[in-house]
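One structure is given below, encoded as structure tokens.
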Amino acid sequence: MRESRLMLLQYITALLAVALVAVHLLTQGIIYPYSTAISFGTILSLYRNGLYAIFLEALLVVVLVHGFNGVRIILHEWRQTAPWSRWVDIGTVVAIVATVAFGSKTVILAVFGGASG
Amino acid sequence: MKDLKLVVQRFDPVKDASPKMVEYAVPKREGMTVLDALLYARDYVDHSIGLRFSCRQASCGSCGMKINGRPRLACYTQVEELGGEKVVAQPMDNFAIIKDLVTDLGSFFDKHKAVTPRLVREDGEEQERPTGEYLMTPGELSKVLQFTYCIKCGLCTSSCPTVATDERYPGPQALTQAYRYSADARDQGGAERIAALDNSHGVWRCHFAGSCSYVCPKGVDPALGIQLLKRHVMTGKPPHAKDEASKVWKAPESGR
């Protein structure tokens, strides 16, 4: 993929992350008081809300893509050999796919009742 | 008038293990530039000081060096503007040292050439046998004018933090010239330059530190040029109207 497309992705995910994290924090404060917001039961009830589960999945993907793409950029600047660049790109894709899959598993299991409160 | 304390970094990679700072006493005179002081030291004190210069009027870009910690042109820097007491001259950062204050600009010019720093046209026949002139309006000229003032002295590149860490990064000079030609209404080579710069070591590695614009002795703003180039590379559209590039102005018949 052209670097300009990856940078466009980086800018878009940055903007989305700001918006989604803001909504996430505000929601926690508005729907539940902060003192109970991170209790197991509260979190599970949020996951079982379909819309909120989609929102959490979006937040997961946006933050991971932005974060790992940022690390990819730093690693490209660190060393400049062709094999290094190739492995950095491959490693970035693998890291994103693996962490999104791991995070999604939590969301999916919670939504479909894999965990119980 | 009190003598000027001129400190020069001396280093010959063939003979020396590490650079050393050598101090020279130079008689000051009104209007003395750092280049004048260096030439005095070389002519009357130590003939072996290595330095490069040519025009002495900030036109050729040969005498770029680090003066009192900041990249400057020696011919364009008055001793008095530095306080008049002590001047420290060192070679530019981010370049290999050939000897003393002379740096190797080979890779700098290679990167400049790599961005096709010339007008690229599709009408080869017109260029081989011109029938007129390519027109520019004052508005079109104003888009690129400041970037044409670049004298390729290398000061911007020597101050760039990305160049210091990424040897494949083209640097502010080359990137600014890429924009200068792509934004020229007479040019049709934008796609060629995008192909050379849209990669993991290209235009996107500029972090907008702005040191290039801070040190440019000609008032060019490379940091601005690079941001405009990013927009051009991102959109893929030329920074000027496409049809403008094909205009050829033909002189009217004189009737004589």
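The values are calculated or read from the model by the stated rules, or taken from the named source; none is laboratory data. Given the structure is predicted, the values throughout are model-derived calculations rather than measurements. Reconstructed Cβ throughout: ideal geometry from the backbone, glycine too, with neighbour counts over all protein chains shown.
Tabulated values for the structure
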read-out	value
Single match in A:F112, A:F55 (criterion: free of Cβ contacts under 8 Å to residues at least 60 places away in the same chain and within 23 Å of A:A17 (Cα to Cα))	A:F55
Test: residue in the stretch B:106-128 that is within 14 Å of chain A (Cβ to nearest Cβ), touching an Asp or Glu at 6+ places or on another chain (Cβ under 7 Å), closer than 30 Å to A:I73 by Cβ and of a type in the set (V, I, T)	no
The stretch B:159-180, residues that are of a type in the set (D, E, K, R) and part of a loop (DSSP other than H, G, I, E, B)	B:D166, B:E167, B:R168
Within the stretch B:101-158, considering residues that are part of a helix (DSSP H, G or I) and among the polar types (S, T, N, Q), the one surrounded by the most Cβ atoms within 10 Å (Cβ to Cβ)	B:T157
The stretch B:187-206, subset buried (at least 20 other Cβ atoms within 10 Å of the Cβ) and more than 14 Å from chain A (Cβ to nearest Cβ), residue nearest to B:Q127 (Cα to Cα)	B:D187
Every residue from the stretch A:29-39 that is among the aromatic types (F, W, Y) and surrounded by 10 or more Cβ atoms within 10 Å (Cβ to Cβ)	A:Y32
Hits in the stretch A:39-65 - residues which are modelled with pLDDT under 85 and part of a helix (DSSP H, G or I)	A:F40, A:G41, A:T42, A:I43, A:L44, A:S45, A:L46, A:Y47
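For every residue, the table says whether it meets (1) at pLDDT 95 or above; (2) out of contact with any Cys (no Cβ under 9 Å at 6 or more places or on another chain); (3) among the aliphatic types (A, V, I, L, M); (4) part of a loop (DSSP other than H, G, I, E, B).
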site	(1), (2), (3), (4)
A:Y11	yes, yes, no, no
A:L26	no, yes, yes, no
A:G29	no, yes, no, no
A:G67	yes, yes, no, no
A:V88	yes, yes, yes, no
A:T92	yes, yes, no, no
